[in-house]
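S.K.: Pasting a structure below so you can have a look.
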Amino acid sequence: MQYPEPIAKLIDSFMRLPGIGHKTAIRLAYFVVDMNKDDVAKFSSALKETKDKLMYCSICGNLTDEDPCVICRDKTRDQSTVLVVEQPRDIMVMEKMKDYHGLYHVLNGVLSPIEGKGPEDLNIKSLIKRLQSDEAIKEIIIATNATPEGEATAMYLSRLVKPAGIKVTRLAHGLSVGSDIEYADEMTLSRAVSGRTEM
Amino acid sequence: MKLRELKLRNFRNYSDVEVQFSPSINVLLGNNAQGKTNMLEAIYVLALTRSHRTNNNRDLINWENENAQVYGEVEKELGTTKLEIDLGKKGKRAKVNQLEQAKLSSYVGELNVILFAPEDLSIVKGAPTVRRRFMDMEFGQMSSRYLYNNSQYRKILKQRNNYLKQLQLKEASDKLYLDVLSDQLAAYGAKLIFQRLELLKKLQGWAANIHAEISQGKEELKFKYVCALKKKQQTNENDIYTGLKELFEENKDKEIRQGNTLYGPHRDDLQFIINGKDVSTFGSQGQQRTSALSVKLAEIDLMKEETNEYPILLLDDVLSELDDNRQTHLLKSIQDKVQTFLTTTSLSGIARDLISDPKVFNISSGQVVEE
């Protein structure tokens, strides 16, 4: 016997999500059948709103429901530093830390020719334009991941930006806080030693 | 280090086998296609978590079964270590003393092996890829830093080649990004080349002595690392880095035209030189074999120096490929210090006389019987 059409469609939709296979999709679909109508309505409108109401901030490239985004509009933030991240969700992590009060810029990925991502596919042009037009910016902090692609992207940015006389810094690499040296792997340790700081 | 016990479950043609080995020489005797090499392969897998014969785990698992297991007890200076590799459909798990290791890099190195198979005799004469693979495999086992640098280098190389192709096809035009990739590649390339040079220097010290002995002092074996860098650019990591960067800069247009990275450790080669002459072009068959043997035996000593323990030697059907003089040398140099596993179809001649007190295992269709 075949699934009734609405359920078949629902299963098919769930399977489009990452990490969800056929079995899980079936279980979720039957769960939705038993949910009460209001919850389902909320769920479906939440799904729809992510597409209808969300956009990318025209200044920093972050996901937002108003343009410019909350961070870019906040004049109490430190306007002289811009922290460059790979993904919008990296901003949420940085904000949780509560120690950084400057601005952000989202690249939306890293340079990776294999995945077809060259310099023109990232929000690099908008960063350069921003640095040229906004004289308050004195420093950019590059916070791409410590992968070969992240490193290459950081190097590329620093070479573009440095000639303009703006200070370019990179997040430190090394021991994670609260960890034992004993358990650190050799590569992390060697980075920690070469990036040591004077006391 | 010595492998005292090996248990195999559903590995290749072994369904359930348990063997106790001798700390000196173990002979695996049997006709063709009975499972002699499979047992050496199991030991190799136990050491390096992967096979030298296949890249597909499924090949290692007995037909009709879904999981295979290799278990071994290794005796070292500081006590016994229990190693276990579980192979399944979805992947493999490596355990040290029953504790699963999240990273394979923390497992490799617990048991060090050197494998000598007939195809290793072609190391001198064969294609450059064979010699690069040789360096990468052996040095990677000795140094986890080498392993790491090599894998980073390969990743960046892939990106750079891809970008060069895009530049070639005019899909991209940003030369600044190419420079960044070149610098990154040069940085890891320099680390690799420098480590290769250092380890080759040490390996040459050992190999030259062994070679001189086999040739009764008539021949002097040397290694030459062949790369596009000038000799004076090879003195330290920094010079190599600058040298590679210059090469990339000078040949930028050529590389874009060809859409490929033309310089770096992935293009380098190793030359064997006897009395000043290149063995691969001017050496006799015999000299090529002696060189290959000297290098393999030198590895044993280098591994001892780098890791403080003698490795285990796996000889896959090589005795039959060597003449009496070379057989004698091989067997003499391993006697009493290196635990050895050798496969052969018949044990006769010089080998029988020289091997004192071997433990012989008769292998026949996946069954092992101690003689």
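S.K.: Going through the stretch B:160-177 one residue at a time, which ones are more than 9 Å from chain A (Cβ to nearest Cβ) and part of a helix (DSSP H, G or I)?
M.R.: Across the stretch B:160-177, the qualifying residues are B:L167, B:Q168, B:K175.
S.K.: Looking at the stretch B:180-203, which of its residues are surrounded by fewer than 21 Cβ atoms within 10 Å (Cβ to Cβ) and free of Cβ contacts under 8 Å to residues at least 40 places away in the same chain?
M.R.: Matches in the stretch B:180-203: B:L197, B:E198, B:K201.
S.K.: Do the conditions hold for A:K129, that is, is it open to solvent by 30 Å² or more (accessible area, probe 1.4 Å) and under 27 Å from B:Y163 (Cα atoms)?
M.R.: Taking the combined requirement at face value, the residue satisfies it.
S.K.: Find the residue count for the stretch A:43-84, including only residues that are in a helix (DSSP H, G or I) and within 26 Å of A:A136 (Cα to Cα).
M.R.: Residues of the stretch A:43-84 in a helix (DSSP H, G or I): A:43-52, A:70-73.
Imposing the further condition that a residue be within 26 Å of A:A136 (Cα to Cα) reduces the set to A:70-73.
The total comes to 4.
S.K.: Looking for whichever is in a helix (DSSP H, G or I), out of contact with any Pro (no Cβ under 7 Å at 6 or more places or on another chain), closer than 25 Å to B:D253 by Cβ and within 14 Å of another protein chain (Cβ to nearest Cβ) here; the options are B:L147, B:L157. Which one fits?
M.R.: B:L157
S.K.: Could you please let me know if B:L302 is without any contact (Cβ under 8 Å) to a residue 24 or more places away in the chain and within 28 Å of B:E198 (Cβ to Cβ)?
M.R.: The answer is no for B:L302.
S.K.: Pick from B:N32, B:N26, B:N10: which is touching a residue at least 24 places away in the same chain (Cβ under 8 Å), of a type outside the set (F, W, Y) and either touching a Leu at 6+ places or on another chain (Cβ under 6 Å) or not in a strand (DSSP E or B) (or both)? Please lay out each step first, then the result.
M.R.: Values: B:N26 fails: either touching a Leu at 6+ places or on another chain (Cβ under 6 Å) or not in a strand (DSSP E or B) (or both); B:N10 fails: either touching a Leu at 6+ places or on another chain (Cβ under 6 Å) or not in a strand (DSSP E or B) (or both).
Only one candidate qualifies: B:N32.
S.K.: Which numbered condition in (1) assigned to a strand (DSSP E or B); (2) under 24 Å from B:L315 (Cβ atoms); (3) among the basic types (K, R) is the only one that B:R53 fails?
M.R.: (1)
S.K.: Can you pull out every residue in the stretch A:161-199 that is within 22 Å of B:K103 (Cβ to Cβ) and basic (K, R)?
M.R.: Passing the criteria: only A:R191.
S.K.: Further, regarding this structure: Would you call A:L103 of a type outside the set (G, A, S), touching a residue at least 24 places away in the same chain (Cβ under 8 Å) and in contact with a strand residue (DSSP E or B) (Cβ under 8 Å, 6 or more places away or on another chain)?
M.R.: When the stated conditions are applied, A:L103 passes them.
S.K.: Of all residues in the stretch B:108-144, count the ones that are open to solvent by less than 40 Å² (accessible area, probe 1.4 Å), modelled with pLDDT of 85 or more and assigned to a loop (DSSP other than H, G, I, E, B).
M.R.: Residues that pass the stated criteria total 5.
S.K.: Got a number for residues in the stretch B:7-20 being over 10 Å from B:N62 (Cβ atoms) and crowded, with 22+ Cβ neighbours inside 10 Å?
M.R.: Number satisfying all stated conditions: 0.
S.K.: Determine whether the stretch B:155-176 contains at least one residue that is of a type in the set (D, E, K, R), surrounded by fewer than 19 Cβ atoms within 10 Å (Cβ to Cβ) and closer than 22 Å to B:L229 by Cβ.
M.R.: no
S.K.: Can I ask one more? Assuming A:S133 fulfils every condition listed in (1) assigned by TED's automatic domain parsing to the domain that holds A:E151; (2) farther than 19 Å from A:V168 by Cα apart from one, which condition is it?
M.R.: Result: A:S133 passes all but (2).
S.K.: Here's something else I'd like to know. Are any residues in the stretch A:135-160 open to solvent by less than 50 Å² (accessible area, probe 1.4 Å), free of Cβ contacts under 8 Å to residues at least 40 places away in the same chain and closer than 20 Å to A:I91 by Cβ, and if so, which ones?
M.R.: Selection gives A:E149, A:A154.
S.K.: Say whether the condition of being aromatic (F, W, Y) and in contact (Cβ under 8 Å) with a residue 40 or more places away in the chain is met by at least one residue in the stretch B:276-297.
M.R.: no
S.K.: Give, as residue ranges, the strands (runs of 3 or more DSSP E) completely inside the stretch A:103-199 that count at least 3 residues that are of a type in the set (K, R).
M.R.: Once the strands (runs of 3 or more DSSP E) in the stretch A:103-199 are filtered for at least 3 residues that are of a type in the set (K, R), nothing remains.
S.K.: Scan the stretch A:163-195 residue by residue and report those that are open to solvent by 60 Å² or more (accessible area, probe 1.4 Å), modelled with pLDDT of 90 or more and more than 21 Å from the chain's Cα centre (by Cα).
M.R.: A:K167, A:V193
S.K.: What number of residues within the stretch B:263-272 are over 21 Å from the mean Cα position of the chain (by Cα) and either β-branched (V, I, T) or farther than 16 Å from B:K230 by Cα (or both)?
M.R.: Our first condition is that a residue be over 21 Å from the mean Cα position of the chain (by Cα); within the stretch B:263-272, this holds for B:263.
Now narrow it down to the ones that are either β-branched (V, I, T) or farther than 16 Å from B:K230 by Cα (or both): none.
The qualifying residues number 0.
S.K.: Residues in the stretch A:110-132: is at least one more than 10 Å from every other protein chain (Cβ to nearest Cβ), closer than 19 Å to A:R77 by Cβ and touching a Ser or Thr at 6+ places or on another chain (Cβ under 7 Å)?
M.R.: No, every residue in the stretch A:110-132 fails to be more than 10 Å from every other protein chain (Cβ to nearest Cβ), closer than 19 Å to A:R77 by Cβ and touching a Ser or Thr at 6+ places or on another chain (Cβ under 7 Å).
S.K.: Give the stretch B:35-50 a look and list any residue that's open to solvent by less than 30 Å² (accessible area, probe 1.4 Å), of a type in the set (V, I, T) and either in a loop (DSSP other than H, G, I, E, B) or touching a residue at least 60 places away in the same chain (Cβ under 8 Å) (or both), or say none. Break it down into steps so the answer makes sense when it comes.
M.R.: First, pick out the residues of the stretch B:35-50 that are open to solvent by less than 30 Å² (accessible area, probe 1.4 Å): B:35-36, B:38-49.
This time we only want the ones that are of a type in the set (V, I, T), so: B:43, B:45, B:49.
B:I43, B:T49 - these are the residues of the stretch B:35-50 that are open to solvent by less than 30 Å² (accessible area, probe 1.4 Å), of a type in the set (V, I, T) and either in a loop (DSSP other than H, G, I, E, B) or touching a residue at least 60 places away in the same chain (Cβ under 8 Å) (or both).
S.K.: Do we find that A:K23 is in a helix (DSSP H, G or I), farther than 30 Å from A:A152 by Cα and not small (G, A, S) in this structure?
M.R.: Values: in a helix (DSSP H, G or I): yes; farther than 30 Å from A:A152 by Cα: yes; not small (G, A, S): yes.
In short, yes.
S.K.: In addition: Sort out which residues of the stretch B:95-107 are part of a loop (DSSP other than H, G, I, E, B) and not basic (K, R), and write them in order of number.
M.R.: Listed by number, the residues that qualify are B:N97, B:Q98, B:Q101, B:A102, B:Y107.
The values are calculated or read from the model by the stated rules, or taken from the named source; none is laboratory data. Here the structure is a predicted model, which means the values were calculated and not measured. Cβ: placed from backbone, ideal geometry, glycine included. Neighbour counts: every protein chain shown. With ligands, DNA and RNA removed, areas are computed over all heavy atoms of the protein, side chains included. Shrake-Rupley method; radii C 1.70, N 1.55, O 1.52, S 1.80 Å.
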